[in-house]
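What follows draws every value from the coordinates through simple rules; no lab data is involved. Every value quoted in this text rests on a predicted model; they were computed, and no experiment measured them. Cβ atoms come from the backbone with ideal geometry, glycine included; neighbour counts cover every protein chain shown.
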Amino acid sequence: MELMGGLVSGRLFHPRELALTAMRAVAASAGVAGLLPCCSVALRWLELSNQLTAYRLFVSADKLLGDCGSLPAALKRLHGADPYMRLWTLEGLGWCWFQDAGRRLDSRLASYQLVPLHTGAGLALARSTLETPGLDRSDCDLRAALHRFRQGCQAISIPGYEGATFEALGLVAATVYPGLAARIEAALSDTGEIAYFWHGMGRGLYFSPLSLLPLDGARRRLIELSQRAPSSCEGRENMLSGLGWATALVNVRHPEVVAFAFRTLAEGDVPREAFEMGAASALVIWRENDPGNSWLRRWDSAPPLQKALAWHEIVRARGLWGRLFRVHGLRR
């Protein structure tokens with residue numbers, strides 16, 4: 001019915017709608033492939049379906065905002081929605097909200113709304129920052145741009161959420177401006193923000209074209225890149241943690257995909273603990289987004305789950321949501 005309505009109205013022939021329809025079709029096809037007997041190829045196709053679905057929900061948020069007319073109205077409509085759809089749409093709303101308003105988010109909103117709204121707003125702020133002309137030539141201009149980004153994060157973030165906003169800088173650098181990564185690392189090397197940057201780079205690596213190839217060797221290549229790009233141990237740990245973070249959140253409905261990622265990780269000499277910490281931190285976000293644990297029940301035998309449940313209590317009590325976007329030292 002949706003397809004027929006789009007054809008009749010002509011909406012389907014708009015470039016944006018064509019792209020979204022194509023993503024739905026590919027995600028659905030990949031999802032069907034993932035129903036084949038469990039093997040590495042089937043799991044990679046299932047993972048591709050989840051990646052495309054998450055991205056489609058993110059980019060569809062502008063239509064929801066346009067239909068509702070305001071952010072509060074859009075949030076109200078999403079309140080009872082499917083938790084997976086709601087999470088990724090909220091991040092897209094954060095992106096749209098920043099471009100429309102760009103002021104501090106409302107602290108009265110629920111934390112399950114505030115985390116993805118901050119990450120989405122951070123993505124929009126990072127994109128506008130790194131689009132500044134001349135950054136590829138002048139270190140002075142780059143440092144000035146990063147200073148503006150830091151100020152922007154402070155201006156729009158509620159205390160406790162700053163890390164969620166700043167970490168987006170790494171994701172945008174990884175997906176759009178990878179040539180700036182080494183120079184951004186140098187500019188941030190003496191700050192605590194470098195951990196958030198590399199964590200975002202790892203999260204962005206998960207949405208790179210290489211990650212979208214449903215091939216057995218693709219994940220091994222991602223892991224290798226996460227250990228080669230940063231020049232420091234801290235950077236390597238955080239980039240691997242960001243990769244684990246994105247893997248778990250995108251595939252929260254299918255823990256078997258994350259278990260397959262852990263098996264691939266075990267084949268190399270890399271800090272497995274960092275990947276596991278990233279996955280557990282993502283599950284903390286999911287636990288807040290879905291109090292009914294509709295999908296976490298399937299994670300009973302997965303190593304990150306017990307850490308996530310313990311950390312959730314700490315983060316919620318102390319308002320440390322931004323700390324989840326880097327390798328951290330949270331303890332029960």
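Quick look at the numbers
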{"read-out": "Compactness relative to 2.2 N^0.38 Å, alpha carbon Rg of region 111-200", "value": "1.00"}
{"read-out": "Scaled radius of gyration (Cα, divided by 2.2 N^0.38 Å) that region 200-332 gives", "value": "1.00"}
{"read-out": "Taking the convex hull of Cα positions in region 70-138, its mean projected area over all directions (nm²)", "value": "5.3 nm²"}
{"read-out": "Nearest-20 debye value, the chain charge dipole, Cβ charges on Lys, Arg, Asp, Glu", "value": "460 debye"}
{"read-out": "Directionally averaged shadow of region 65-224, computed from the convex hull of its alpha-carbon atoms, nm²", "value": "10.6 nm²"}
{"read-out": "The chain: relative contact order in percent, alpha carbon pairs under 8 Å with at least 6 residues between", "value": "15 percent"}
{"read-out": "When region 83-325 is reduced to its Cα atoms, the Kirkwood hydrodynamic radius in Å", "value": "17.9 Å"}
{"read-out": "Alpha-carbon Rg/Rh ratio, for region 168-266, with Rh computed the Kirkwood way", "value": "0.97"}
{"read-out": "Local electrostatic count at Gly160 - Lys and Arg +1, Asp and Glu -1, tallied over other residues with Cβ under 12 Å", "value": "+2"}
{"read-out": "Prolate/oblate/rounded call for region 209-284, Cα gyration tensor, a/c under 1.5 rounded", "value": "oblate"}
{"read-out": "Protection proxy ranking of 58-66, 208-216 - average other beta-carbon atoms within 10 Å, highest first", "value": "58-66, 208-216"}
{"read-out": "FRET efficiency, Cys233 to Leu213 (Cβ-Cβ, R0 30 Å, nearest 0.05)", "value": "0.55"}
{"read-out": "Residue-averaged [θ]222 nm for the chain, counting only DSSP H segments that reach four residues, each worth -39500 (n - 2.57)", "value": "-22000 deg cm²/dmol"}
